[in-house]
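Working notes, beginning with the structure itself.
Just so it is clear, none of the values below were taken in a lab; they were calculated from the coordinates. In this text, all values refer to a predicted model and were calculated from it rather than measured experimentally. Neighbour counts are summed over all protein chains in view; Cβ atoms, including those assigned to glycine, are modelled from backbone coordinates with ideal geometry.
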Amino acid sequence: MAMNLAQKLIKSHLVSGSLEPGTPIEIKIDQTLAQDGTGTLVMLELESLGLSQIKTELSAQYVDHNLLQTDFKNADDHLFLQSACRKFGLWFSRPGNGVSHPVHMACFDIPGKTLLGADSHTCAAGSMGMLAIGAGGLQVAMAIAGVPFALKMPKVLGVRLEGKLPPWVSAKDIILEMLRRQTVKGCVNKIVEYHGPGLAHLTAMDRHVIANMGQEMGTTASVFPADEAVKAFLKQQHRKGDYVEMKADEGASYDEEDTINLSDLEPLIACPSSPDNVVTVREVAGRPIYQSYIGSSANPGLRDFAIAARIVAGRRLADEVSFDINPTSRQLLEELSRSGDLTKLLEVGARLHQTGCGGCIGMGQAPATGRISLRTVPRNFPGRSGTADDQVYLCSPETATASALKGVITDPRDLDMDYPSFNEPEYLPDIRPLLQPPQEIPVAVELIKGPNIKPLPNFDKLPNVLTGPLLLKAGDNVSTDEILPAGAEILPLRSNIPAISRYTFSRIDENFYQRAMKLNGDCFVVGGENYGQGSSREHAAVASRFLGVRCIIAKSMARIHRRNLINFGVLPLLFENLEDYARLEQDSILEIDKPIAQLKSNNSIELLIKSSGESINLRSDLSADELEVLEAGGMINQVREKYLSNGK
């Protein structure tokens, strides 16, 4: 039977299960990555598991999120991560080397391999013919320890690309068109596989742009074939020996299909405050802007910066605009300097920031109050930029740069110039020598822990009768940025759960922490559609559990956050009847009798509204494996009970 590429990648790594969509499967993981916003918990989890050395082919730890060292916290955590890499056998990328995804792509991506990352945009590596999936840190820690990754077999959406992009239209416009069609929840439990003749005109880094933002549609993974474009990229990175052709079988079919004619696309833009709020640039042209921002893992390629440089060369920025350049790696910064494109950016008045995630994650570069910021980043959730009432638009480097020149949102086709030419250099500087490899011979290493690094909390099992108030009722599309924000104030607390928990749900209810601490007991939270979308940060689940949240009830849930809740013993349930959402009021007392026993007998569970005496039916989509984790009170408890208590 002819298989598509996603099926071939899964079959070649299948440990258990079948390729039937919706059924439980387990796959072998070849590589892992973590960044410093999630990696501190990963390393603490490895320590808790008693791991001696990694069991994957390769694991890497990047420092790219928390680069602002305003006090000791981030610096201490960087030392902790470096010592943990030496102890467990991971590659370490120090601060300033660059953003994890493009650096990993340059150094380690190999067609045909699987990659699990403690960052939701790990799916970017699908651009290289890999099966790359974002997950919570605990599942990444388990993969590092050699445990297969469990998930439900996704459906495969085949997207045929035809034609060729016109001038002033680029890869960002392709993924924005996908978001316009699919929305932020349209691809949950799906793999998007791109194929067709249009691929011949897209470089590997163009594909990275598209695969990276697949996460914003809820995808499990995005997959591209490994073809001549991938071969050229690996040669450029001095790794041509790593090339393996990967493509779908002739005559392969897909569970769902769509087609995009690239020739018909025009510049697009996602308006505040959701990546799927997409319109043409001309529909919003003329709105005055404060900031244009080039960079992030969503537009990390050399061409994204070089095109911007060649657009502004010899011109003048609008006086009101901050033109922020956030290079994504040392490799890229070195090449921009060598080619003269960096000089063009500096001469026009661009602000150069250090290589890393920076403003994308709210670590600096926050826009002015109520002013429009155009960004090439992957997300524009409310407040993510660091400004509470931000107005962030997502767009291509071409649109951001044209708008920086004009001072208003501008369709780049309206500039009085020809589209700049750009050709990828045959070779780029080799960045691998800047990374620190694992010790060839394992040695005893003591973990370096500063005063801000605290042990993981111990969590008990679900009680036989789960009762408590509905402490928060939230709406649709609540992101992990709203459950537990990032930013320069909060991210340095990522290795200190008691401290970071103070910010839980602060963007929805600034008094949530005080109310939870006053309650000092179990409670419920209710959400609408697509609860927990966005970042993979498991802190959103851990901090919720730390404050007593034992059950989340929603209309639907994002894949990664749902599993993070399970990993830390929080029961995720869904409304059987969506109209019952309106029947639950904040502060009502809710109760579930014998939750584990009910779930073991069927997938339906009764919720009693004690304040009114009514009850509603909820449903569960928990697998047997997930139910076992919940019964133990979380994955760490499960591993301790199953293995450590028996001396295994």
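Under a point-charge model restricted to the Cβ atoms of Lys and Arg (+1) and Asp and Glu (-1), what is the dipole moment magnitude of the chain relative to its Cα centre, in debye to the nearest 20?
Dipole about the Cα centre, nearest 20: 1080 debye.
Just from its helices, what would the mean residue ellipticity at 222 nm be for the chain, if runs of 4 or more DSSP H residues each count -39500 (n - 2.57) and the sum is divided by every residue, rounded to the nearest 500 deg cm²/dmol?
After summing the helix terms and dividing by the residues of the chain, the value is -8000 deg cm²/dmol.
Place the peptides 588-601, 238-251 in order of packing, highest mean first, counting for every residue the other Cβ atoms within 10 Å and averaging per peptide.
Those peptides, ordered most packed to least, come out 588-601, 238-251.
Given LYS152/LYS594; LYS87/LYS185; LYS55/LYS231; LYS8/LYS235, which pairs have Cα atoms separated by over 31 Å?
Those over the limit are LYS87/LYS185.
Quickly work out the ILE441-to-ARG181 label distance, labels modelled 7 Å from Cα along the C-beta direction, and quote it in nm with one decimal.
Between ARG181 and ILE441, the label points sit 5.7 nm apart.
Computed over the Cα atoms, what is the radius of gyration of the chain divided by 2.2 N^0.38 Å, N being its residue count?
Rg over 2.2 N^0.38 Å, computed on Cα atoms: 0.92.
For segment 5-264, what Kirkwood radius comes out of the mean inverse Cα-Cα distance, in Å?
18.7 Å is the Kirkwood radius here.
Let me know the Kirkwood hydrodynamic radius for segment 16-122, please, with Cα pairs as the basis and the value in Å to one decimal.
The Cα-based Kirkwood calculation yields 14.8 Å.
Determine ³J(HN,Hα), in whole Hz, for all residues of segment 327-332 in sequence, where each value follows from phi through the Karplus function 6.51 cos²θ - 1.76 cosθ + 1.60 and θ = phi - 60°; x replaces Gly and Pro.
x, 9, 6, 4, 4, 5
For HIS208, HIS195, HIS201, what's the fewest-to-most ordering of other Cβ within 10 Å of each Cβ?
Listed from fewest to most nearby Cβ atoms, that is HIS201, HIS195, HIS208.
Tell me, Kirkwood radius of segment 505-608 from alpha-carbon pair distances, in Å?
That comes to 14.4 Å for segment 505-608.
In square nanometres and to one decimal, what's the mean projected area of the convex hull around the Cα atoms of segment 180-240?
For the Cα atoms of segment 180-240, the hull's average projected area reads 4.4 nm².
If amide hydrogens are placed 1.01 Å from N in the peptide plane, which non-local residues have theirs closer than 5 Å to the one on SER322?
Answer set, sorted by chain and number: GLN291, SER292.
Taking amide H positions as placed 1.01 Å from N in the peptide plane, with prolines and chain starts having none, which residues 5 or more places from ALA248, or on another chain, fall under 5 Å of its amide H?
LEU5
Projecting each Cα onto the charge dipole of the chain (Lys/Arg +1, Asp/Glu -1 at the beta carbon, about the Cα centre), which of VAL156, PHE568, ALA204 comes out farthest on the positive side?
PHE568
Determine, for each peptide in 549-559, 175-185, the mean count of other beta carbons within 10 angstrom over its residues, then list the peptides with the highest first.
549-559, 175-185
Counting residues in segment 465-646 as N, plug N into 2.2 N^0.38 Å and put the Cα Rg over that result.
For segment 465-646, the normalised Cα radius of gyration is 0.98.
Quick one: work out the % antiparallel among DSSP beta bridges in segment 268-415, nearest 5.
Of all bridge pairs located within segment 268-415, approximately 25 percent are antiparallel.
If amide H atoms are built 1.01 Å from N in the plane of the peptide, which residues on other chains or at least 5 residues away come under 5 Å of the amide H of ILE409?
GLY286, ARG287, ILE289
If you line up the long axis of helix 36-49 against the longest principal axis of the chain, both from Cα atoms, how many degrees apart are they, to the nearest 10?
For helix 36-49, the angle is close to 40 degrees.
Roughly what % antiparallel, to the nearest 5, for the DSSP beta bridges in the chain?
Roughly 35 percent of the DSSP beta bridges within the chain come out antiparallel.
Rounded, prolate or oblate: which one fits segment 236-297, using the alpha carbon gyration tensor with axes a ≥ b ≥ c (rounded when a/c is under 1.5, else prolate when a/b beats b/c, else oblate)?
Oblate.
Considering the Cα positions of segment 268-415, please state its Rg to one decimal place and its Dmax as a whole number of Å.
Computed over the Cα atoms of segment 268-415, radius of gyration and Dmax are 13.8, 39 Å.
Output wanted: per-residue J couplings in Hz (rounded whole) for segment 195-200, from phi through Karplus 6.51 cos²θ - 1.76 cosθ + 1.60, θ = phi - 60°, x for Gly and Pro.
Karplus-based 3J(HN,Hα) across segment 195-200 equals 8, x, x, x, 4, 4 Hz.
So what J values fall out for segment 114-121 if you push phi through Karplus, 6.51 cos²θ - 1.76 cosθ + 1.60 with θ = phi - 60°, rounded to Hz, Gly and Pro as x?
My calculation for segment 114-121 gives 9, 9, 10, x, 7, 7, 5, 8 Hz in order.
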